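Below you'll find the structure, written out as structure tokens, and then a few comments.
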Amino acid sequence: MTHVLDPDAPAAAIPPRREPLAPYRDVTRSDAAFRAFLHGLPGVDQVGAESRVAVLGTRSIKTTAKAWALDAAISMVDLTTLEGSDTPGKVRSLAAKARRPDPGDPSCPQVAAVCVYGDLAGVARDALQGTGIHVAAVATAFPSGRASRAVKLADVRDAVANGADEIDMVIDRGAFLAGRYLDVYDEIVAVKDACGDAHLKVILETGELVTLDNVRRASWLAMLAGGDFIKTSTGKVSPAATLPVCLVMLEAVRDFRAATGRQVGVKPAGGIRTTKDAIKHLVLVNEVAGPGWLSPDWFRFGASSLLNDLLLQRQKLRTGHYSGPDHVSVD
């Protein structure tokens, strides 16, 4: 079989432009039509968004609800390592933790996925075989997205060939901010085609999009192009996941489903480190998008250190005291 990065391999055919779901079939017929649609979306009241997340963040969670929230949050974690120093051994250790987050408590749920660079997807796949835990791989010249489309698509195909069943791509923020919306749309369509059966998470890198209005526009663009999830950030840019940004993205997926009948997931990533952070996000999901999104199928946390705090808080809730420092592994 020809390797997907073989320079002598025949060039892949450029997929035809995907037609958005009704009633949006005409919005991608031209740059002008797409711009008119995206800039015609309702504007975001930034003060109102910040006020709403502040109010929702004060919600108290009682013991029974907190127990459910802790297990739900654990089951929604994409346990992540995206460092230049990553090794097969580190990925195997992460996979072991994903399978049994709390080795002393078999009732503790597994995480949703392990997220790695594409060249290590095969290591993760082998370590997670038979568990039902997904293998997510970043691609498309992550985190910058600065490469030719041919290189980006080869990156995706290589990750899928290595065993990834979820691809986390990055959009071309330079093109988006320059108003070249159809270029960004067509690239997502091409990446979705290259994914085959793998699910596609589209990273907006909201910390570089400047305004919440742009976050809303990028969310709709990614969903119209066929993204299965919209994701806040690479985790390499500050600010990463913020509650106002997550609010806008949750409103977008809610409104998109109401308009088209297709449900799209949301993944905040970067800077979510504590149980308190996670619970604030779950409250936001429930209040904004609705309980239909409170599932790993539709909501994920991109995180590395979050899982440890969730495990400590879970142990405290179950036993009445915190375990020693050796109760959780250090990633």
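The values are calculated or read from the model by the stated rules, or taken from the named source; none is laboratory data. All of these numbers come straight from a predicted model, not from anything done at the bench. Virtual Cβ from ideal backbone geometry, glycine too; neighbours counted across all protein chains shown.
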Which ones in region 197-235 are out of contact with any helix residue (DSSP H, G or I) (no Cβ under 7 Å at 6 or more places or on another chain), closer than 22 Å to Leu82 by Cα, at pLDDT 95 or above and in a loop (DSSP other than H, G, I, E, B)? Asp228, Thr234
Please determine, by comparing only the residues of region 18-38 that are assigned to a loop (DSSP other than H, G, I, E, B) and exposed (fewer than 12 other Cβ atoms within 10 Å of the Cβ), which one is modelled with the lowest pLDDT. Ala22
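Is it fair to say Ser295 is under 28 Å from Thr140 (Cα atoms), among the small types (Gly, Ala, Ser) and in a helix (DSSP H, G or I)? Spell out how you get there, then give the answer.
Details: under 28 Å from Thr140 (Cα atoms): yes; among the small types (Gly, Ala, Ser): yes; in a helix (DSSP H, G or I): no.
So Ser295 fails the test.
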Would you check which residues across region 124-147 are part of a loop (DSSP other than H, G, I, E, B) and either hydroxyl-bearing (Ser, Thr, Tyr) or over 15 Å from Thr80 (Cβ atoms) (or both) and list them? Gln129, Gly130, Thr131, Gly132, Thr140, Ala141, Ser144, Gly145, Arg146, Ala147
Looking only at region 39-84, which residues are of a type in the set (D, E, K, R), in a loop (DSSP other than H, G, I, E, B) and closer than 17 Å to Val283 by Cβ? Arg59, Lys62
Checklist (1) more than 25 Å from His199 (Cβ to Cβ); (2) in contact with a helix residue (DSSP H, G or I) (Cβ under 8 Å, 6 or more places away or on another chain) applied to Val245, failing item: (1)
Look at Val285 and say whether it is in contact with a Phe, Trp or Tyr (Cβ under 9 Å, 6 or more places away or on another chain) and part of a strand (DSSP E or B). no
